[in-house]
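Single-structure report; data block below.
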Amino acid sequence: MPAEARHILPLIITAPFPHRAPDRALHTQENQEKVASMTSRLSWLVAARRLWLAIFLALFGQSLAAQGMGSVAGTVTRADDGSPLASVLIAVQGTSITAVTNTKGRYLIDRVPAGGHTLVFRWLGYKPAEATVTVTAGSQATADAKLETLPFTISDLIVTGASRVPERAVEAPAAVSVVEPRILAATSITGQAPLALAQVPGVDIPQNGVFDFNVNARGFNSSLNRRVLVLIDGRDPSTAFLGSQEWNALPIPVEDMAKMELVRGPGSALYGANAFSGVLNIRTFAAREVVGTKLTLGGGQLSTFKGDLRHAGLWVDGRVGYRVNFGYYRSDTWSRSRTLRDLTSLQKEYAPVTETPVPLGREVRPLNGQTADPLTGVVSGDRDPVKSIYGSARVDYYADNGSVVTGEYGAAQGENETAVTGIGRVQITKAFRPYARLAWQSNKFNVMAYWNSRETREPQYSLASGGGLYEKSSMLHLEAQQNAAFASDKGHFVFGSSIRNYRVDTRHTLMGPADDDRSDYYYSLFAQTEYQIAPKVKVVGAARYDLGSLIDGQLSPKLALVISPNDKHSFRFTFNRAFQNPNYSEFFLNVAAGAPADLRALEAGLRASPLGPALAGVPVGALFDNSQTVPVRARGNAKLDVEKVTGYEFGYRGDLTRKLYVTFDAYRDVLKNFVTDLLPGVNPAFPYWTAPAAVPAAARAALQSAVRNALVANPASRTAGLGLSRTEDGKTAIVVSYANAGQVTQYGFEAGVGLQLTNTLRADGSFSLFHYAVNNQQEGDKLLANTPSAKGHVALSYSGRTGLDLGISLRAVKGFDWAAGVFAGYIEPQETIDVNGAYDINNSFKMFATAVNILDQQRYTIFGGSVNGRRILAGVTTRF
């Protein structure tokens, strides 16, 4: 574990109630008093923390107890022709022991306790099978399986995200979708994991450049979306400062994701902050599931090259497994420099793809690798490529009782990606993202600790202001969860708690000295109980309490009723409440928001007006301190509250026939306390500008009113007129900041369908409708959902027994208005066709190709983002 994590972990485990060091004082006296009060009120939280640590020590001691151990091996084949089946999941029922078949259909499970066991064989497109086997200590048992072809059915699908424990998808108390392995495999060559979600109902995946995605579900997207919580093996990989995802920082390729499932709707009852609109759960393969070596090489348009190497093996008679991987990605980008001095860069970039008006604007800094002519702003030179280098190493210890201890370390380094933010585009020159994870998992109890870090090894630049930005941050998280059954398995209980520490240092480039270099803590308790109140009726209740240095206590309840007429169908009624924390930017941002404003003409006009005599004591050019260069500052708001959503849902899912499944979900959400975009005049900490002391008292009010009216009357200077203020040092500045404002009611409907046309041909589709009503909003804010009112997806896939797989899909999105940060405009309607194909030459070699937007329909999906086009990529995978 990294040195920083080693220093923090003892503090979290042993401190009665961790608090900020004296030189890291809370940002307001009010919050100091709040945390002091928290300390006295939450002795029960400390007790809970010590309780699960005690349980952990007790259970861990038992986990290593010696037992007689053996192994199970076998081959899995198709029932009709006897050909081997790869990637079939084999689970030892009642334990956490699993394995996956290799390309020859073979598997080996070491360290299985002696005695009788039932093995369950599962793979999408095949009927699950079971085999009973007796394991003798020191010997190897054999269990083969033949799987019958069966259309994909909801009733056979197992999910974990809805309840944090495995359950059948048809019985899950939430709207949950699983991305099929074939889609993960087809997406991997792009290096863009969010594209795998394109077929999920209700999901938006706006894209800027190559890696800047804003994955969201059910409305109110933004340029830095945080409303879908992303977890990789339970680890939250978001950045500490912004709370958003950097998708080029994933430590593994998409093809090495064992499972990707999305739970839609508010999820804070189990997952806490930022599970506002959904939770994306990603699980990677354990070491023993992928024994062997795999190499993938590919490339194509945008000068793309991608390579991935993975190796996994077993040591110590199968007691220890290891998995290592390394990957490299290099590509050109869709992003373009916008430095033209006539302010028409964005207009010219968007002209071929839209007929709607595009605002004027200019960025002072070109993309890395290019230079701008100082007179015209015309750029020359080639853009530096977008790069990502990543890798991880994992070791699993398989205890005799079936529990698994995992240690993992990985890192990713991204270069030259451009992100759309609230202050405009930011180019990330080089950012290093290491992490470490330690976990112990058993059937009844899980403990996990992880550490993430982010360091800008070279400055990231605000292209609008040219300023260099720096961040060194980390997140340390400790969590435990207990699962139990009661009432003869009619009921199940999940209980857990977590502690999290953030450390953020921006070297005063993003936060001011009073707020920078800080450390903050968050604490939580959560529980869920489900009970079978009747043979076909299940009730679920859950709640979570979160508390932190920067937020008041938040209670997130959940109630659900699941009615299952039989094992193929279910109806669901749910109530949820969730919240999203303001990020560090929204709390403490202190950065230039653009080039300084020149107010000399305004000052000259005032001196020539009847107010001129009142300015006699003010030096020329000094009415606004330096009237030629009045800084434009983006500032945080330390008084922000969390955003909240209360949701009501009704859902159905089921297999109508053996070849047809249907899902639909309807919801109504009430959202409030929106954190606004950066706006002038909304933060009480920055009241309107006051006249210099040299101006006579009798003339001060009139002068201030004249300044405001003159600026507001001109649309080009309206923001300056509303935001003209003085900062803490008394200097004049134009300040834009955040506020909590607005309440919205949103409604939606999501449907999905799958139809097996033949044994090898399948059709899938999804359709979503969305509507919202703004009940109130902050004056000057443009509260938009940034989501289309309708979108749909249809796909046709072929999976032949000769090793040939083909797929084609169409995604259609209705046009909609967009407003986030400094960018506001219209997103044109879009239809995108993607195709993919793969061919297994033999058990060791596979060729594949993917075409995204094959018709090359030029379009932007974030206003202010890049205009994206076609990418055709191909490659080969070899296993040995």
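If you take all C-alpha pairs in region 620-774, what percent of them are over 21 Å apart? Let's see the in-between values first.
On the way: 7641 of 11935 pairs.
Value for region 620-774: 64 percent of Cα pairs lie more than 21 Å apart.
When the Cα centres of region 70-119 and region 246-263 are compared, how far apart do they sit, in Å?
With region 70-119 and region 246-263 each reduced to a Cα centre, they are spaced 25 Å.
With N residues in region 91-214, what two-decimal value do you get for its Cα radius of gyration over 2.2 N^0.38 Å?
On the way: Rg = 18.2 Å, N = 124, 2.2 N^0.38 = 13.7 Å.
Working it through for region 91-214, the quotient is 1.33.
Based on alpha-carbon centroids, what's the gap between region 465-542 and region 577-602 in Å, whole number please?
Value for the Cα centre distance between the two parts: 27 Å.
Provide the gained length on full extension for the span Leu660 to Ala608, in nm with one decimal, where the gain is 0.36 nm per separating residue minus the Cα-Cα distance.
Working: separation 52, 0.36 × 52 = 18.72 nm, distance 7.88 nm.
Extra length from Leu660 to Ala608 when fully extended: 10.8 nm.
Quick check on region 613-756: of the DSSP beta bridges with both residues there, what percent are antiparallel, nearest 5%?
Values: 33 of 36 bridges.
DSSP beta bridges in region 613-756 are roughly 90 percent antiparallel.
In nm, give the distance between the simple-model label positions of Thr376 and Tyr328, each being 7 Å from the Cα along the Cα-to-Cβ direction.
3.8
Can you tell me the order of 604-612, 816-824 when each peptide is scored by its average per-residue count of other Cβ atoms within 10 angstrom, highest first? Before the final figure, lay out each step's value.
Numbers: 604-612: 14.0, 816-824: 20.1.
Sorting 604-612, 816-824 by mean packing, highest first, produces 816-824, 604-612.
On average, how much area does the Cα convex hull of region 726-880 cover when viewed from any direction, in nm²?
Working: hull surface 60.8 nm².
Result: a mean projected hull area of 15.2 nm².
Using a 1.4 Å probe, what is the accessible area per residue for region 684-753, in Å²?
Details: 3070 Å² over 70 residues.
Heavy-atom accessible area per residue stands at 44 Å².
With a 1.4 Å probe and all protein chains left in place, how much accessible area per residue does region 200-258 have, in Å²?
Per residue, region 200-258 has an accessible area of 14 Å².
For region 366-474, what is the convex hull volume of the alpha-carbon atoms per residue, in Å³?
Numbers: hull volume 12.5 nm³, N = 109.
Enclosed volume per residue, from the Cα hull, is 115 Å³.
Report the net charge of residues surrounding Leu157, where surrounding means a beta-carbon distance below 14 angstrom and charges are Lys +1, Arg +1, Asp -1, Glu -1. Intermediate results must be reported in sequence, preceding the final value.
Values: positive: Arg122, Lys127, Arg168, Lys259, Lys568, Arg653; negative: Asp156, Glu167, Glu171, Glu180, Glu261, Asp567, Asp655, Asp764.
Spelling it out: positives minus negatives among the neighbours equals -2.
Using only alpha carbon pairs under 8 Å that are at least six residues apart, calculate the relative contact order of the chain and give it in whole percent. The partial results should precede the final answer.
Working: 2384 pairs, mean separation 97.3, N = 880.
RCO, the chain: 11 percent.
With all distinct Cα pairs included, what does the Kirkwood hydrodynamic radius of the chain come out to in Å, to one decimal, could you say? Display every interim value, and only then the final one.
Details: mean 1/r = 0.0345 Å⁻¹.
Roughly 29.0 Å, rounded to one decimal.
How much net charge surrounds Ser564 when only other residues with a Cβ under 13 Å from its Cβ are counted (Lys, Arg +1; Asp, Glu -1)? The partial results should precede the final answer.
Details: positive: Arg168, Lys536, Lys538, Lys568, Arg572, Arg653; negative: Glu167, Glu171, Glu530, Asp567, Asp655.
Charge balance near Ser564 sits at +1.
Only helical DSSP H runs with n ≥ 4 go in: add -39500 (n - 2.57) per run for the chain, normalise by residue count and round the 222 nm mean residue ellipticity to 500 deg cm²/dmol. Show your work: numbers first, answer last.
Values: 10 runs with 100 residues, N = 880.
The helix contribution divided over the chain gives -3500 deg cm²/dmol.
Within a Cβ distance under 15 Å of Ala287, other residues only, what is the Lys/Arg minus Asp/Glu net charge?
On the way: positive: Arg111, Arg283, Arg288, Lys294, Arg310, Arg319, Arg323, Arg394, Arg437; negative: Asp110, Asp233, Asp256, Glu289, Asp317, Asp396, Glu408.
Taking every other residue near Ala287 into account, the sum is +2.
Between region 685-707 and region 169-239, how far is it from one alpha carbon centroid to the other, in angstrom?
After rounding, the separation between the Cα centres reads 51 Å.
Let me check against my output: what whole-number percent is the relative contact order of region 103-208, with C-alpha pairs under 8 Å and at least 6 apart? Display every interim value, and only then the final one.
Values: 116 pairs, mean separation 14.9, N = 106.
The normalised contact order for region 103-208 reaches 14 percent.
Provide the descending list of Cα extents for region 273-399 along its principal axes, expressed in whole angstroms.
Dimensions of region 273-399 along the principal axes of its Cα atoms: 70, 38, 23 Å.
Using just the C-alpha positions of region 68-159 as equal point scatterers, what log10 of I(q)/I(0) does the Debye formula give at each q in 0.14, 0.15 1/Å?
Cα-only, vacuum Debye calculation for region 68-159: -0.47, -0.53.
How do 209-219, 648-658 rank on mean C-beta neighbours within 10 Å, highest first?
Details: 209-219: 26.9, 648-658: 17.5.
The most tightly packed comes first, giving 209-219, 648-658.
Quick check: with the 1.4 Å probe, what order do Glu479, Glu750 take by accessible area, largest first? Write out the running numbers ahead of the final one.
Numbers: Glu479 30, Glu750 5 Å².
The ordering from most to least exposed comes out as Glu479, Glu750.
Given a 1.4 angstrom probe, I'd like the percentage of the accessible area of region 112-194 that is carbon and sulfur, rounded to a whole number. Numbers along the way, then the final one.
Details: 1510 of 3000 Å².
Accessible surface attributable to carbon and sulfur in region 112-194 totals 50 percent.
Can you sort Thr134, Thr75, Thr663 by solvent-accessible area, 1.4 Å probe, largest first? Numbers along the way, then the final one.
Details: Thr134 100, Thr75 45, Thr663 25 Å².
I get Thr134, Thr75, Thr663, largest accessible area first.
Within region 124-156, name every residue whose backbone N is under 19 Å away from a label modeled 7 Å from Cα of Arg801 along the Cβ vector.
The answer is 124-129, 145-152, whose backbone nitrogens lie closer than 19 Å to the label point.
Using a 7 Å offset from the Cα along the Cα-to-Cβ direction at both Glu458 and Asp598, what is the distance between the two label points in nm, to one decimal?
So the label points at Glu458 and Asp598 sit 3.3 nm apart.
Could you give me the radius of gyration and the Dmax of region 245-326, taking only the C-alpha atoms into account and expressing both in angstrom?
16.7, 47
In region 821-862, what percent of the accessible surface is made up of carbon and sulfur (1.4 Å probe, ligands and nucleic acids excluded)? Write down the numbers at each step before the final one.
Working: 1160 of 1990 Å².
With neighbouring chains kept in place, the figure for region 821-862 is 59 percent.
From the residues Ala449, Thr134, Pro596, which one has its Cα farthest along the dipole of the chain in the positive direction, the dipole being from +1 and -1 charges on Cβ of Lys/Arg and Asp/Glu about the Cα centre?
The residue sitting most towards the positive pole is Thr134.
With 15 Å as the cut-off, how large is the P(r) tail for region 757-799, expressed as percent of Cα-Cα pairs? Mind dumping the intermediate values first?
Working: 562 of 903 pairs.
Tail of the P(r) past 15 Å holds 62 percent of the pairs.
For each pair in Lys387/Lys782; Lys104/Lys846; Lys644/Lys791; Lys568/Lys846; Lys294/Lys387; Lys127/Lys659, compute the distance between the two Cα atoms and list the pairs where it is over 24 Å. Intermediate results must be reported in sequence, preceding the final value.
On the way: Lys387/Lys782 35 Å; Lys104/Lys846 14 Å; Lys644/Lys791 26 Å; Lys568/Lys846 36 Å; Lys294/Lys387 22 Å; Lys127/Lys659 12 Å.
Listed pairs above 24 Å: Lys387/Lys782; Lys644/Lys791; Lys568/Lys846.
Between Tyr531 and Ala485, what length comes free when the chain is fully extended (0.36 nm per residue of separation minus the Cα-Cα distance, one decimal in nm)?
Values: separation 46, 0.36 × 46 = 16.56 nm, distance 0.97 nm.
Gain on stretching Tyr531 to Ala485: 15.6 nm.
Which value, in Å², gives the accessible area per residue of region 424-501 when a 1.4 Å probe is used on the protein heavy atoms? Display every interim value, and only then the final one.
On the way: 2470 Å² over 78 residues.
Spelled out: the 1.4 Å probe surface of region 424-501, per residue, equals 32 Å².
Hey, can you list the DSSP H helices of the chain whose Cα span along the axis is 20 Å or longer and whose average Kyte-Doolittle score is at least 1.0?
Values: long enough: 43-63 (30 Å, 1.15); 697-713 (25 Å, 0.80).
Those that clear 20 Å and a mean of 1.0 are 43-63.
Where Rh is the Kirkwood radius over the Cα pairs of region 308-361, the temperature 37 °C and the viscosity 0.692 mPa s, what D in µm²/s does Stokes-Einstein return? Each step should come with its number before you reach the end.
On the way: Rh = 16.0 Å.
Diffusion coefficient, whole number: 205 µm²/s.
Over region 556-700, what is the relative contact order in whole percent, taking alpha-carbon pairs under 8 Å and six or more residues apart? Kindly include the intermediate steps, with their values, before the conclusion.
Numbers: 226 pairs, mean separation 40.7, N = 145.
Relative contact order, region 556-700: 28 percent.
For Gln743 and Thr118 in one chain, what is 0.36 nm times their gap in residues minus the Cα-Cα distance, to one decimal in nm? Before the final figure, lay out each step's value.
On the way: separation 625, 0.36 × 625 = 225.00 nm, distance 5.30 nm.
Contour length minus the Cα-Cα distance gives 219.7 nm.
Using 10 Å bins from zero, what percent of all Cα-Cα pairs in region 566-709 falls into each bin?
For region 566-709, the binned pair fractions read 9, 24, 18, 15, 11, 9, 7, 5, 2 percent.
The values are calculated or read from the model by the stated rules, or taken from the named source; none is laboratory data. Here the structure is a predicted model, which is why all the values come from computation and not from measurement. All Cβ positions, glycine included, derive from the backbone under ideal geometry; neighbour counts span all protein chains shown. What goes into the accessible areas is simple: the full protein's heavy atoms, side chains included, and nothing from ligands, DNA or RNA. Shrake-Rupley method; radii C 1.70, N 1.55, O 1.52, S 1.80 Å.
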